[in-house]
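The values are calculated or read from the model by the stated rules, or taken from the named source; none is laboratory data. A quick note: this is a predicted structure, and the numbers were derived from the prediction, not measured. Positions of Cβ are generated from backbone atoms using ideal geometry, with glycine treated the same way; all protein chains shown enter the neighbour counts. Quick note on the areas: whole protein, heavy atoms, side chains included, nothing else; ligands and nucleic acids left out. Shrake-Rupley method; radii C 1.70, N 1.55, O 1.52, S 1.80 Å.
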Amino acid sequence: MTNTYKSCLLLEDDPDDRDFFIQTLKKVSFQTGCYAVSNGEEGMSLLLTQSFTPDLIFTDIDMPRMNGIEFIRRLRCMDLYRGIPVVVYSSSFIDPNRFSLQELGVSGFYSKIHFRALPEILSRYFGQTPDHPTTIL
């Protein structure tokens, strides 16, 4: 089995949640790189100034300066980034948000409340490698 390097972009304003996500990702797929930013504005800046095209984007919804929904709306208007799968990983799931996210073509919705499921969630998107099997916490 050939392992290929993948990358993701994480938009998360809570430093503890950000660290937990990155540490969990390292356990699930040591060959996946992750850029982490604190809000949608920083995410847009990274994409546009660094010419970075991640394989997948994970975003929270409630963030300062630019929330996750606005970030996804802007992303979907840009040809270069329109096709990147976006996964929402948030504790904010009110019905109007879910409807907006479905309209924007989000690939998945996961609740942070079930944080023990994160290894399984990340395995779905980044797989596991033979040398580093996934451990579900």
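Across region 63-78, what is the number of residues that are of a type outside the set (S, T, N, Q), farther than 19 Å from Asp19 by Cβ, open to solvent by 40 Å² or more (accessible area, probe 1.4 Å) and assigned to a loop (DSSP other than H, G, I, E, B)?
Qualifying residue count for the region: 3.
Residues in region 41-62 that are surrounded by fewer than 13 Cβ atoms within 10 Å (Cβ to Cβ), in a loop (DSSP other than H, G, I, E, B) and at pLDDT 90 or above: how many?
The total comes to 1.
Being of a type in the set (Gly, Ala, Ser), assigned to a strand (DSSP E or B) and without any contact (Cβ under 8 Å) to a residue 40 or more places away in the chain is true for just one of Gly33, Gly83. Which residue is that?
Details: Gly83 fails: assigned to a strand (DSSP E or B).
Just a single option satisfies the conditions, and that option is Gly33.
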